[in-house]
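K.L.:
The following block contains the structure, expressed as structure tokens.
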Amino acid sequence: MTRVTDESTFRRRRFIAGALGLGAIGAFSGLRYGDGVSVAKETKPQQVASVDSGMLVSQESGERLTTKYAATHYNNAYEFGWDKTDPYQKSGAFELKPWQVTFDGLCAKPGTFDLDDLMGMPFSHLEERIYDFR
């Protein structure tokens, strides 16, 4: 006999708990904010700068956002080098396919395989693992 809860039962309990939570929020928010009729404040339409302008300003904090140049030229992809600007400079000729993976050393079946072939393999030999979290 398994102690694992059936997935449909688990999902049903999550749905019921969520619905009860939303109902409670709706009921108690009326107690806190139900003291009168709410009046919407009149607001001015906000002006938004062009994405390429480099002068974007956060509407919430008023702080200047990162420029498009800095966001695309300065990053942490160390696969292309140690400097922050190396990925932009060196990734232009990077080809994603064909991608090959080499398994060597102390392994049962050393060799070089296409990643597409590995991703297409049936994974029926995988085992299901269930963990109890307390």
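K.L.:
Do we find a residue being at pLDDT below 80, small (Gly, Ala, Ser) and surrounded by 10 or more Cβ atoms within 10 Å (Cβ to Cβ) anywhere in region 78-101?
P.N.:
Within region 78-101, one or more residues are at pLDDT below 80, small (Gly, Ala, Ser) and surrounded by 10 or more Cβ atoms within 10 Å (Cβ to Cβ).
K.L.:
Also, quick follow-up: What single numbered condition from (1) of a type in the set (D, E, K, R); (2) part of a loop (DSSP other than H, G, I, E, B); (3) modelled with pLDDT of 70 or more fails to hold for Glu42?
P.N.:
(3)
The values are calculated or read from the model by the stated rules, or taken from the named source; none is laboratory data. Quick caveat: nothing in here was measured; it's all calculated off a predicted structure. Positions of Cβ are generated from backbone atoms using ideal geometry, with glycine treated the same way; all protein chains shown enter the neighbour counts.
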